[in-house]
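Step one of this worksheet: look at the structure below.
The values are calculated or read from the model by the stated rules, or taken from the named source; none is laboratory data. Predicted model, so just to flag it, every value in this text is computed and none were measured. Here the Cβ positions follow ideal geometry from the backbone for every residue, glycine too, while neighbour counts run over all protein chains shown.
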Amino acid sequence: MRPHRALLALVVVLAGAIYALALLLALLLTDSTPERFPHDLAINWTAARGQLAGVSLYDWGGQQRLALAEIGEPTGNYFQSLFTSYISPPTTALLMLPFALLSFPIATGLYRLAIGTAFVLAVGVLAQTLPASIGSGAGPTALPASRP
């Protein structure tokens with residue numbers, strides 16, 4: 001295995017290990033404390049679920065009733081101001097539709113898994129941009145030679 005491929009593999013494995021540790025911690029602490037509740041996901045999930053139920057994305061009262069019925073008390077103060085309401089474009093709710101077909105706890109776990117997988121893949125893609133030989137001066141980080 002060439003040295004840069006070994007480094008690439010190491011970076012991807014380390015990113016995966018960091019993600020696995022973060023996921024384990026999240027699973028141990030998920031939703032058991034208010035600090036760990038996925039607030040943004042709850043708002044976007046409720047908006048997508050509202051689309052399925054015929055509730056307007058920007059109907060704060062309808063969204064709040066739906067959130068309280070579907071998720072429960074952690075959403076009691078949602079949909080009362082701009083920062084606790086759905087203010088994204090409709091396409092965000094469309095992207096959340098697959099998660100809205102699931103119950104909130106299952107959607108939360110799958111969403112976190114998808115985000116972590118995207119993180120590990122992004123690190124892998126980024127690691128592939130490393131120069132073939134670290135320190136050789138080749139690759140995207142090389143500085144142009146100075147001219148006299």
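The table below lists the values:
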read-out: Residue list for region 34-49, restricted to those being over 14 Å from Tyr78 (Cα atoms) and buried (at least 20 other Cβ atoms within 10 Å of the Cβ); value: Ala48, Arg49
read-out: Unmet criterion (only one of (1) modelled with pLDDT of 75 or more; (2) surrounded by 14 or more Cβ atoms within 10 Å (Cβ to Cβ)) for Leu23; value: (1)
read-out: Leu121 being within 17 Å of His39 (Cα to Cα) and outside the structural domain of Leu52 (by TED's automatic domain parsing); value: no
read-out: Members of region 57-100 found to be of a type in the set (Asp, Glu) and not in a loop (DSSP other than H, G, I, E, B), listed by number; value: Glu70, Glu73
read-out: From Leu110, Leu82, residue being under 13 Å from the mean Cα position of the chain (by Cα) and surrounded by fewer than 16 Cβ atoms within 10 Å (Cβ to Cβ); value: Leu110
read-out: Tally, over region 26-41, of residues that are acidic (Asp, Glu) and at pLDDT 80 or above; value: 1
